1. Give a residue-ordered list of calculated ³J(HN,Hα) values for the stretch 7-16 (Karplus: 6.51 cos²θ - 1.76 cosθ + 1.60, θ = phi - 60°; whole Hz; x for Gly, Pro).
2. With Rg/Rh (Cα atoms, Kirkwood Rh) as the read-out, I listed [x] 0.94; [y] 1.21; [z] 0.97; which label goes with the value calculated from this structure?
3. On a 0 to 90° scale, report how tilted helix 60-89 is relative to the longest principal axis of the chain, with both axes built from alpha carbons and the result rounded to the nearest 10.
4. With label points built 7 Å along Cα→Cβ from the Cα atoms of GLU88 and SER25, find their separation and express it in nm.
5. Amide H to amide H under 5 Å from GLY43: which residues, 5+ apart in sequence or cross-chain, H placed 1.01 Å off N in plane?
6. Could you work out which residue, out of LEU17, LEU57, LEU48, moves most in a Gaussian network model of the chain, that is, has the largest mean-square fluctuation with Cα springs under 10 Å?
7. My understanding is that a pair violates if its Cα-Cα distance is over 21 Å; which of LYS14/LYS90; LYS38/LYS87; LYS46/LYS90 do that in this structure?
Amino acid sequence: MFSKFTRQIQDMQKKMLETQENLRSMQLEGQSAGGAVKVVISGEGKLLQLSLSPEMLQDADMVEDSIIAAYHNAWEILKEKREGSMKELKIPPGLEGMF
């Protein structure tokens, strides 16, 4: 019985490592200002790419706010992906912190 439990824990750890690697390799796009500002972030939340439409360059304050909003949009998408991945692992209650 103990060996079965140990095997289940090892399987969960393996799945968790695979899930973490899948998340790290993701690239997610966030947008703001109706798509005039786009950012791409990694699964670790690092900014990889920033794209601005030419009309955005007329107003520095708007550009700054829109970049932040686009990043937050991408971060929320990443957060949802992470939460969904964790739910798929079906880790028993109380054991989440072990992984």
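Only the coordinates and a few stated rules stand behind these numbers; no lab work does. Because the structure is predicted, anything quoted here is derived from the model rather than measured. Don't worry about glycine lacking a Cβ; one is built from the backbone with ideal geometry, like all the others, and counts go over all protein chains shown.
1. Couplings: 5, 5, 5, 4, 5, 5, 4, 4, 4, 5 Hz.
2. Label [y] holds the value from this structure.
3. 20 degrees
4. According to this spin-label approximation, the distance is 1.2 nm.
5. Long-range HN contacts for GLY43: MET26.
6. Largest GNM mean-square fluctuation: LEU57.
7. Over 21 Å apart, Cα to Cα: LYS38/LYS87; LYS46/LYS90.
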